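Below is one structure, written out as C-alpha cells; the observations come after it.
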Amino acid sequence: MPRTTIGQSLLATLLCSLPLAALAGGEDARRVFSADSPDWLRAVGKLQVPAVRYEKGYSRHRRENCSATLVTAGADKDANTLVTAWHCLEDYSDLSKPITVSLLTASGERLEREAYSVADGGGMQADWALLKLYQRVPRQQVPALLWSSEPADGALPVTMAGYSGDAGLGAGGTALTYDAGCRITRQNRAETESDCRAFKGASGGAVVQLDPAGVARLYGVVSRGDGVSVSIFVPVSGFHRALRRHLD
C-alpha cells in the first residue's frame, strides 16, 4: 500500500525528534549482539557522517550516526561495498572530512574504514545509498552479506539490525542490536512496513531473511519508523541493478 509524502515525513520526524523515553513503551524484543548471535551480524557497521546543515543563513556542523551493511557478490570475496540509507548522507558536503564505518571482527576488535558515496536513490521516496571503501575488508575478519534481487517473503520472519541510539539496549548507539523474528505487515515495490523495533541510528541498517538454503541474505535497508511498532525498510530488489553495477 503506497505511503504519502506526508506519511513518510511524519514517520521520519517521529523517529528522529521524539524523546527516546517517549518511544520506549511496550516490550523490547531486540537483542544485543554477542558471541551467541548469528555471525552475519558482523556485516552491519556503525556509520558516521560529518554533516553540514544550513539554517537561517548559518552552517551547523554535526555528526550523523547511522548504520551500513557490508555486502558482497560472492562469499569467497573480500568486500568493499556498503548499503545504507540516502538520508544518512543528505547533509554530507565537506569532502575533506571522511565518512567512516566501524565493523566488529571475528576476534572482537573494531575495524574502521573510510568510505565514499557512489550512488543513491535521491530522496526519501528511494531511501537507499551505496558506498565504496577505500580499502577492502578481508572476509576472514568480517564476512560480508550476500543480497537478494527478489523481494522478501512476506510470510516469513525477518531480522532488522543496526546501531540504534536509544539509551536502553542500544546504549546510545554503541551497541549493535537486532530484532529477530519480526514480521512484514505491508509490502510494495518501493518500501516495506514491518513490526520490527529500531531507533534513530539504525537507519541504513540491515533487513535480513534466510533464503531456502538457509543462507542469510540482505533484503532491505532500514529507512524510518516510530521507535515502537513500525519500521519501514527499502527493498534491495528496488535498486539491485545499481548495486550489481558497483560490486566488484
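Report Trp40's accessible area, 1.4 Å probe, all protein chains in place, as a number in Å² to the nearest 10.
Approximately 40 Å² of Trp40 is accessible to the 1.4 Å probe.
Between Asp78 and Arg63, what length in nm is gained on full extension when 0.36 nm per residue of separation is reduced by their alpha carbon distance?
2.6 nm
Springs between alpha-carbon atoms under 10 Å, Gaussian network over the chain: tell me which of Phe199, Phe33, Phe233 tops the mean-square fluctuations.
In the Gaussian network model the winner is Phe33.
Under 5 Å between amide hydrogens, which residues at least 5 positions from Gly220 or on another chain qualify, with H placed 1.01 Å from N in the peptide plane?
Val207, Val236
Once you've got the GNM for the chain with C-alpha springs shorter than 10 Å, pick whichever of Lys97, Lys77, Lys46 has the biggest mean-square fluctuation.
Sorting by GNM fluctuation, first place goes to Lys97.
Just subtract the alpha-carbon distance of Ser229 and Asp36 from 0.36 nm times their residue separation and send over the number in nm, one decimal.
Working: separation 193, 0.36 × 193 = 69.48 nm, distance 2.55 nm.
Separation in residues times 0.36 nm, less the Cα-Cα distance, equals 66.9 nm.
Would you mind computing, in nm to one decimal, how far apart the modelled labels at Gln135 and Val52 are, each placed 7 Å from Cα along Cα→Cβ?
2.7 nm
Magnitude of the Cβ-charge dipole of the stretch 128-248, K/R +1 and D/E -1, about the Cα centre, nearest 20 debye?
That gives the stretch 128-248 a dipole magnitude of about 460 debye.
Got a sec to turn the phi values of the stretch 194-209 into Karplus ³J(HN,Hα) couplings, 6.51 cos²θ - 1.76 cosθ + 1.60 with θ = phi - 60°, whole Hz, x for Gly and Pro?
Calculated HN-Hα couplings, in order: 9, 9, 5, 10, 8, 10, 3, x, 7, 3, x, x, 9, 10, 10, 9 Hz.
Ranked by accessible surface with a 1.4 Å probe, highest first, in what order do Arg217, Arg110 come?
Details: Arg217 65, Arg110 115 Å².
Output order, biggest surface exposure first: Arg110, Arg217.
Pick from Tyr116, Tyr134, Tyr92 the residue whose mean-square fluctuation is largest in a GNM of the chain, springs joining Cα atoms under 10 Å.
Tyr134
By the scheme Lys and Arg +1, Asp and Glu -1, what is the net charge of all other residues having a beta-carbon under 11 Å from that of Arg136?
Within the 11 Å Cβ shell, the charges total +2.
Could you grab the relative contact order for the chain? Cα pairs under 8 Å, six or more apart, rounded to a whole percent.
Values: 639 pairs, mean separation 56.1, N = 248.
Value for the chain: 23 percent.
Given C-alpha coordinates of the stretch 28-165, what is the ratio Rg to Rh with the Kirkwood estimate of Rh?
0.98
Roll a 1.4 Å probe over the protein heavy atoms and report the accessible area of Ile184 in Å², nearest 10.
Counting only protein heavy atoms, the figure is 20 Å².
Once every DSSP H run of n ≥ 4 in the chain is given -39500 (n - 2.57) and the sum is divided by its residues, what mean residue ellipticity at 222 nm do you get, rounded to the nearest 500 deg cm²/dmol? Don't skip to the end; give the middle numbers.
On the way: 3 runs with 24 residues, N = 248.
Dividing the helical sum by the residues of the chain leaves -2500 deg cm²/dmol.
Run the 1.4 Å probe and let me know the accessible area of Thr185, rounded to the nearest 10 Å².
80 Å²
Suppose every K and R has +1 on its Cβ and every D and E has -1 on its Cβ; what is the size of the dipole of the chain about the Cα centre, in Debye to the nearest 20?
440 debye
Over the C-alpha atoms of the chain, what are the Rg and the largest Cα-to-Cα span, Dmax, in Å?
Final numbers for Rg and Dmax: 16.5, 55 Å.
When the convex hull of the Cα atoms of the stretch 139-198 is projected onto a plane and the area is averaged over all directions, what value comes out in nm²?
Here the figure is 5.4 nm², rounded to one decimal.
How large is the convex hull of the Cα atoms of the stretch 107-206 per residue, expressed in Å³ as a whole number?
139 Å³
How many nm separate the modelled label positions at Asp28 and Leu210, each set 7 Å beyond the Cα in the direction of the Cβ?
2.7 nm
How much of the pair distance distribution for the stretch 82-124 lies past 17 Å, counting alpha-carbon pairs only, in percent?
42 percent
The values are calculated or read from the model by the stated rules, or taken from the named source; none is laboratory data. Just so we're clear, the structure is a prediction, and the values are computed from it rather than from any experiment. Heads up, the Cβs are rebuilt from the backbone with ideal geometry, glycines too, and the neighbour counts pull from every protein chain shown. In case anyone asks, the SASA skips ligands and DNA or RNA and just uses the protein heavy atoms, side chains included. Shrake-Rupley method; radii C 1.70, N 1.55, O 1.52, S 1.80 Å.
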